[in-house]
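Following: one structure in structure tokens, then a few remarks.
The values are calculated or read from the model by the stated rules, or taken from the named source; none is laboratory data. The structure displayed is predicted, hence computed values, not measured ones. Cβ atoms come from the backbone with ideal geometry, glycine included; neighbour counts cover every protein chain shown. Heavy atoms of the whole protein, side chains included, go into the accessibility calculation; ligands, DNA and RNA do not. Shrake-Rupley method; radii C 1.70, N 1.55, O 1.52, S 1.80 Å.
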Amino acid sequence: MIPEEKRKIAQKLSSAELEGREVTCFTDSVDFSVEEAYDIQNELINIRLQQSHQVVGAKMGLTSKAKMNQMGVTEPIYGYLLDYMHVNGDKVSMKGLIHPKVEAEIAFMLGEDLQGPDITADDVLRATDFVLPALEIIDSRYKDFNFTLPDVIADNASSSRVVYGTTLHRPEGLELDLIGVTLRINGEIKGLGSGAAVLGHPAASVAMLANMLARTGKSLRKGQYILAGAVTSAIQVKEGDYITATYDQLGTVELKIEG
Ligand code: OOG
Ligand code: MG
């Protein structure tokens, strides 16, 4: 695939996101590899940077055995969090979203850079200022939320919005693999999970992210927020929904979906 083709796909994904419009999978008409998909994702992030947006963090996706099996893959994927995805307060507007789903996540605020390869979970915990609960809204730009692995990587791993809990926790003394999480929508339990669902330990997922980024000379940076990967399955949401995720050790994060 030539650079011009990658740029074209990135531009289409960019407009689809900005206009809240779904597109058909690009792999329907052209085959591309996982590596080429990350090149497209990189182009998409460059488009946002040219629009004066900033990268504020990164995320891992497909980190549970169940999701990897579902997608037929053995390695998770990553994407970037941009400034406009970070929601202030506890309300997200449906405006500009296509078919959002919510996931309970464990987030890390980095106090130091993490440059792979060979980063371990212990390195991640040492570099972490705070751990906090988060709700991620994913919103695939593809029709019916259906995609192949290269498609979803090109689409920045469906990144859309993130809301963080307001209590920050130092990593010392936390047992992140043992954290149990319940995800409720309008009071009804829709998802259950534990920190161990994220590659055995959420910090192991962040370590893997740093090591995956190192393959293309990239790193995680001090001040960034990192989502380790969904602790629960992703649940479709609609206007009027009130979402609460309750975590052992970390507290609660809430979100209202508005029109
Ligand atoms: C890809 C993003 C998944 C996670 O935490 O697994 C993700 C998708 O399923 O659309 O954010
Ligand atoms: Mg996620």
Qualifying residue in the stretch 92-114 (condition: among the hydroxyl-bearing types (Ser, Thr, Tyr) and modelled with pLDDT under 95): no
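Name the residue that is farthest from the chain's Cα centre (by Cα), counting only residues in the stretch 218-231 that are within 11 Å of Leu114 (Cβ to Cβ) and buried (at least 24 other Cβ atoms within 10 Å of the Cβ).
Leu220
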Residue within the stretch 200-217 that is among the charged types (D, E, K, R) and either farther than 21 Å from Met68 by Cβ or buried (at least 19 other Cβ atoms within 10 Å of the Cβ) (or both) present: no
Residue that is at negative phi, in contact with a Lys or Arg (Cβ under 9 Å, 6 or more places away or on another chain) and touching a residue at least 24 places away in the same chain (Cβ under 8 Å), where the choices are Leu192, Leu213, Leu209: Leu209
Counted residues, the stretch 178-199 - those being open to solvent by 10 Å² or more (accessible area, probe 1.4 Å), under 19 Å from Lys59 (Cβ atoms) and not in a strand (DSSP E or B): 3
Exclusive hit being open to solvent by 30 Å² or more (accessible area, probe 1.4 Å) and farther than 20 Å from Val34 by Cα, set Phe108, Phe130: Phe130
From Ile235, Ile153, Ile185, residue being of a type in the set (A, V, I, L, M, F, W, C) and more than 15 Å from ligand 1 (Cβ to nearest atom): Ile185
Which numbered condition Lys143 fails, given (1) within 16 Å of ligand 1 (Cβ to nearest atom); (2) more than 18 Å from Ser14 (Cα to Cα); (3) not polar (S, T, N, Q): (2)
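For the stretch 70-114: of the residues being among the hydroxyl-bearing types (Ser, Thr, Tyr) and away from ligand 1 (no atom under 14 Å from the Cβ), which is nearest to the chain's Cα centre (by Cα)? Let's see the steps before the verdict.
The initial filter retains those residues of the stretch 70-114 that are among the hydroxyl-bearing types (Ser, Thr, Tyr), namely 74, 78, 80, 84, 93.
Remaining after also requiring away from ligand 1 (no atom under 14 Å from the Cβ): 74, 84, 93.
Values: Thr74: 18, Tyr84: 14, Ser93: 18 Å.
Checking each candidate, the answer is Tyr84.
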Boolean, Lys222 is part of a loop (DSSP other than H, G, I, E, B) and not small (Gly, Ala, Ser): yes
Residue tally, condition assigned to a helix (DSSP H, G or I) and open to solvent by less than 80 Å² (accessible area, probe 1.4 Å), over the stretch 14-48: 20
